[in-house]
Amino acid sequence: MEDLARMFTLPWSAYVRLLSVKDGNARRFYEAGALRGGWSVRQLDRQIGSQIYERTALSRSKAVIHRLEDFLLELGGDFSFVGRQRRLRIDQTWYRVDLLFFHRRLRCLVIIDLKLGGLTHADVGQMHMYCNYAREHWTLPDGNPQVGPILCADKGQALARHALEGLPSKIMAANYRTVLPDAELLQSELEKTRRMLETRGTFRGKDLAGGTAGP
């Protein structure tokens, strides 16, 4: 029992509330904030309800999003900018797509999601959810299936992955790979952007759980 008490120092009701937070990074952020700040369960509930994690992540990632937007537009005339932080609602939950482009040669939407931590299965599943939503609500009748690059700026590493598993055929997936920016090129640009912002002191590339949050 003493070992459990040392591992779980917050009140049991606080852990019950934390379990309702689906995103693992967000859950660790709120847990760290509660431990560091001595939040009551009511304060913890208020922080989660105000979405302080999401707002902090958004403010830290804006500079990266703008750089990636410029980088893709500079690659040539295939990318047309559609939107930034595009909102969508699935069931009762609102989400934001970091960047949305239309690729003229492929005639498809390109949905880009930026993650400040490491890539997880949940991130891939979320991207497939975005692609399914886009197919139903954003894709024109004569458009091709959308594609979703996931870019991760984990500390010490940059990672890019094209979510192509939902395409109708391997031939189409192969064609997309030859036309879309290579994952290594995206990783290189993401790493360069992170180093530049670290030099300016505006982006640390570490888990948001190390940030600060008021009660």
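The values are calculated or read from the model by the stated rules, or taken from the named source; none is laboratory data. Keep in mind that this is a model prediction, so the values were computed, not measured. Please note: Cβ atoms are built from the backbone with ideal geometry, for glycine as well, and neighbour counts cover all protein chains shown.
Below is a table of values for the structure above.
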| item | result |
| --- | --- |
| Search result, residues across the range 186-199 that are at pLDDT 80 or above and in contact with a helix residue (DSSP H, G or I) (Cβ under 9 Å, 6 or more places away or on another chain) | Leu186, Glu189, Leu190, Lys192, Thr193 |
| Sole exception among (1) without any contact (Cβ under 8 Å) to a residue 12 or more places away in the chain; (2) outside the structural domain of Leu186 (by TED's automatic domain parsing); (3) of a type outside the set (D, E, K, R) for His121, by number | (2) |
| Filter result for Leu44 (touching a strand residue (DSSP E or B) at 6+ places or on another chain (Cβ under 7 Å), of a type in the set (A, V, I, L, M) and not in a loop (DSSP other than H, G, I, E, B)) | no |
| Counted residues, the range 18-35 - those being in a helix (DSSP H, G or I), modelled with pLDDT of 80 or more and within 22 Å of Gln126 (Cβ to Cβ) | 9 |
| Test for Ala163: is it at pLDDT below 85 and over 29 Å from Ile52 (Cβ atoms) | no |
| Where a residue in the range 63-74 is touching a residue at least 60 places away in the same chain (Cβ under 8 Å) and part of a helix (DSSP H, G or I) and its partner, wherever it lies, is of a type in the set (S, T, N, Q) and surrounded by 16 or more Cβ atoms within 10 Å (Cβ to Cβ), with Cβ under 9 Å and at least six apart | Ala63/Thr193; Val64/Thr193; Arg67/Thr193; Leu68/Thr193; Phe71/Thr193 |
